[in-house]
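**Q** Have a look at this one before I ask anything.
The values are calculated or read from the model by the stated rules, or taken from the named source; none is laboratory data. Only a predicted model underlies this, so the values are computations on that prediction, with no experimental measurement involved. Please note: Cβ atoms are built from the backbone with ideal geometry, for glycine as well, and neighbour counts cover all protein chains shown. With ligands, DNA and RNA removed, areas are computed over all heavy atoms of the protein, side chains included. Shrake-Rupley method; radii C 1.70, N 1.55, O 1.52, S 1.80 Å.
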Amino acid sequence: MPDGRFAPSPTGPLHLGNLRTALLAWLFARCDGSRFLLRIEDLDAAGSRSEHEAGAVADLATLGLEHDGPLVRQSERRDAHEAALARLVAEGRTYPCYCTRREILAEVEAAVAAPHGPLPAGAYPGTCRDLDRRRRAEREAAGRRPSLRLRAEGEVLSFRDRVAGEVTGAVDDFVIRRSDGTPAYNLVVVVDDHDQGIGEVVRGDDLLDSTPRQLLVARLLGIDPPGHAHVPLVLGPDGERLAKRHGSVTLADQLAAGRTAPHVLALFGASLGLCPPDEPVTPTDLLACFDPDRVVREPWTLPDDLVHPS
Ligand code: GLU
């Protein structure tokens, strides 16, 4: 049975939105009789902290979302990531890109009025795609360190998402190795999900747009892609994406305000139409009434009194 997973980035404490996504990933896996794996996405060495990894593991345990098998850290899988990169390079599917973020933004803004075909807004405009040897050498000589981009060749990919439905997206030439040498998320997530035997990726729908990129990587690496279920995000009372500034947004904050873990689970369950908001529940209680093909498609806006307890 292919497995499910939760893959937090240990760059800060998990907030209620991350934890609700974790609950959903657990429910999707368990209702299929699959294992629920945990992968720490600590690719960003500068931003990742071991205390946030420990905090994530502890939060999941407090909620009763126990994971199966050993915890996998992305930072310990560098060889597999490098092998995938080397294959794409050897197959001529990559090119070095010397653009800075600012240059790309300026070019994208200048092109706003011009038609940009099927590519999404903000897509890489292809500046370095056809640089000749001399222009590459000039940039190298100026001390610029290139990132590596994938030649996507304007591919348009479609997939069926278990929550969002039919999705079609054009793929731009995205970065697969950052200029600091680190393999990029859209590459490693494909390699890691494959090597961990993930059958269905359940994650926040802020990553829906990145999925066509990952499907292209999978195809180029000869990987059978997993299924996807992108679940709606949790918003702050102001309707903006949930963030620390919204108030009591972590599990620790909620426990400090006098709620128990089963109360927090009831709030999550109620937001998914699985239970009333005020009767404590366990993950197993929620599993009994969970239907993976009927997950709400609207974001959950947190009530003000939840993030500002008196
Ligand atoms: N590490 C990502 C995050 O914390 C999730 C990536 C994924 O699930 O593919 O938002």
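**Q** Taking region 187-216 as the region of interest, how many residues are open to solvent by less than 20 Å² (accessible area, probe 1.4 Å), within 11 Å of the ligand (Cβ to nearest atom) and part of a helix (DSSP H, G or I)?
**A** Selection size over region 187-216: 8.
**Q** For the structure I just gave you, tell me whether residue 245 is within 13 Å of the ligand (Cβ to nearest atom) and open to solvent by 10 Å² or more (accessible area, probe 1.4 Å).
**A** So residue 245 does not fit the description; no.
**Q** Exactly one of these conditions fails for residue 219: (1) within 20 Å of residue 60 (Cβ to Cβ); (2) open to solvent by 10 Å² or more (accessible area, probe 1.4 Å). Give me its number.
**A** (1)
**Q** Can I ask one more? Being open to solvent by less than 20 Å² (accessible area, probe 1.4 Å) and not in a loop (DSSP other than H, G, I, E, B) is the requirement here; does residue 61 meet it?
**A** So residue 61 fails the test.
**Q** When you go through 91, 82 one by one, which is the residue that is within 26 Å of residue 48 (Cβ to Cβ), among the acidic types (Asp, Glu), at pLDDT 95 or above and open to solvent by 50 Å² or more (accessible area, probe 1.4 Å)?
**A** Within the list 91, 82, the selection yields 82.
**Q** Report, by residue number, each residue of region 177-186 that is more than 12 Å from the ligand (Cβ to nearest atom) and either part of a helix (DSSP H, G or I) or open to solvent by 30 Å² or more (accessible area, probe 1.4 Å) (or both).
**A** 177, 178, 179, 180 - these are the residues of region 177-186 that are more than 12 Å from the ligand (Cβ to nearest atom) and either part of a helix (DSSP H, G or I) or open to solvent by 30 Å² or more (accessible area, probe 1.4 Å) (or both).
**Q** In region 248-273, which residues are open to solvent by 30 Å² or more (accessible area, probe 1.4 Å) and either under 18 Å from residue 61 (Cα atoms) or assigned to a loop (DSSP other than H, G, I, E, B) (or both)?
**A** 252, 253, 255, 256, 257, 258, 259, 260, 262, 263, 267, 273
**Q** Tally up the residues in region 34-58 that are part of a loop (DSSP other than H, G, I, E, B) and either touching a residue at least 60 places away in the same chain (Cβ under 8 Å) or among the hydroxyl-bearing types (Ser, Thr, Tyr) (or both), please. Steps first, please.
**A** Pass one, region 34-58, residues part of a loop (DSSP other than H, G, I, E, B): 34-35, 41-49.
Still in the list and also either touching a residue at least 60 places away in the same chain (Cβ under 8 Å) or among the hydroxyl-bearing types (Ser, Thr, Tyr) (or both): 34, 41, 43-45, 48.
The qualifying residues number 6.
**Q** Working only within region 69-111, note down all residues that are under 30 Å from residue 268 (Cβ atoms) and in contact with a Leu (Cβ under 6 Å, 6 or more places away or on another chain).
**A** Within region 69-111, 69, 71, 74 qualify.
**Q** Hey, does region 100-107 have a residue that's touching a strand residue (DSSP E or B) at 6+ places or on another chain (Cβ under 7 Å) and either closer than 24 Å to residue 183 by Cβ or buried (at least 18 other Cβ atoms within 10 Å of the Cβ) (or both)?
**A** no
**Q** Is there a residue in region 146-160 that is touching a strand residue (DSSP E or B) at 6+ places or on another chain (Cβ under 7 Å) and within 16 Å of the ligand (Cβ to nearest atom)?
**A** yes
**Q** Restricting to region 1-10, and then to whatever is touching a residue at least 60 places away in the same chain (Cβ under 8 Å) and within 12 Å of the ligand (Cβ to nearest atom), can you tell me which residue is nearest to residue 288 (Cα to Cα)? Working first, answer last.
**A** Step one: of region 1-10, the residues touching a residue at least 60 places away in the same chain (Cβ under 8 Å) are 1-7.
The next check asks that each one be within 12 Å of the ligand (Cβ to nearest atom); those that pass are 4-7.
Working: 4: 18, 5: 20, 6: 21, 7: 24 Å.
Among those that are touching a residue at least 60 places away in the same chain (Cβ under 8 Å) and within 12 Å of the ligand (Cβ to nearest atom), it is 4.
**Q** Check residue 51 against each of (1) open to solvent by 70 Å² or more (accessible area, probe 1.4 Å); (2) of a type in the set (Asp, Glu); (3) modelled with pLDDT under 95 and name the one condition it does not meet.
**A** Here residue 51 clears every test but (3).
**Q** Shifting gears a bit: I need a count of the residues in region 64-79 that are crowded, with 17+ Cβ neighbours inside 10 Å and touching a Phe, Trp or Tyr at 6+ places or on another chain (Cβ under 6 Å).
**A** 2
**Q** Among the listed residues 143, 126, 122, 154, identify the single one that is surrounded by fewer than 17 Cβ atoms within 10 Å (Cβ to Cβ), under 19 Å from residue 94 (Cα atoms) and over 17 Å from the mean Cα position of the chain (by Cα).
**A** Values: 143 fails: under 19 Å from residue 94 (Cα atoms); 126 fails: surrounded by fewer than 17 Cβ atoms within 10 Å (Cβ to Cβ); 122 fails: under 19 Å from residue 94 (Cα atoms).
Of the residues listed, the single one that is surrounded by fewer than 17 Cβ atoms within 10 Å (Cβ to Cβ), under 19 Å from residue 94 (Cα atoms) and over 17 Å from the mean Cα position of the chain (by Cα) is 154.
**Q** Kindly indicate whether any position in region 11-22 is over 21 Å from residue 263 (Cα atoms), within 15 Å of the ligand (Cβ to nearest atom) and either surrounded by fewer than 17 Cβ atoms within 10 Å (Cβ to Cβ) or not β-branched (Val, Ile, Thr) (or both).
**A** Checked against the condition, which is being over 21 Å from residue 263 (Cα atoms), within 15 Å of the ligand (Cβ to nearest atom) and either surrounded by fewer than 17 Cβ atoms within 10 Å (Cβ to Cβ) or not β-branched (Val, Ile, Thr) (or both), region 11-22 yields at least one hit.
**Q** Here is a follow-up. Please enumerate the residues belonging to region 23-47 that are at pLDDT below 95 and within 15 Å of the ligand (Cβ to nearest atom).
**A** 43, 44, 45, 47
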